Amino acid sequence: SLTIKITLNPGHKMNYHSHERRDEVWTVIQGRGYAVIDGEKIPVREGSVLRMPKGCKHTVVAESELKIMEVQIGDDIDVADKIKYPMVEAGE
């Protein structure tokens, strides 16, 4: 596993992406925003925990400064294991 602390400024977001060889768990430790997981918009705030299995498309958008602990779990954790997709609004 690999653990990363992510900080996003208000209005910033991650790419909409998925992974083929790892699962991820995000724990929001500060701030608020929303995640889009396989097209579903989910509000997040301090204490929110999100689980994204392999193949799941996901992103997060910060409405305030947003701090997340990301735990990557898999047999082959590699920065190249990222497939990017165009961002769509939830429900499209």
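Apart from one condition, Ser1 fits all of (1) closer than 17 Å to Asp78 by Cα; (2) open to solvent by less than 40 Å² (accessible area, probe 1.4 Å); (3) not basic (Lys, Arg); the exception is (2). Checked against (1) in contact with a strand residue (DSSP E or B) (Cβ under 8 Å, 6 or more places away or on another chain); (2) at pLDDT below 95, Val71 passes all but a single condition, namely (2).
So for the range 78-88 (the condition being touching a Leu at 6+ places or on another chain (Cβ under 8 Å), modelled with pLDDT of 95 or more and surrounded by 12 or more Cβ atoms within 10 Å (Cβ to Cβ)), does at least one residue qualify? No; the residues of the range 78-88 include none that is touching a Leu at 6+ places or on another chain (Cβ under 8 Å), modelled with pLDDT of 95 or more and surrounded by 12 or more Cβ atoms within 10 Å (Cβ to Cβ).
The values are calculated or read from the model by the stated rules, or taken from the named source; none is laboratory data. Fair warning: this is a prediction, and the values are worked out from it, not measured in the lab. In this analysis, Cβ positions are derived from the backbone assuming ideal geometry, glycine residues included, and neighbour counts consider all displayed protein chains. Please note that ligands, DNA and RNA were not included when accessible areas were found on the heavy atoms of the full protein model with its side chains. Shrake-Rupley method; radii C 1.70, N 1.55, O 1.52, S 1.80 Å.
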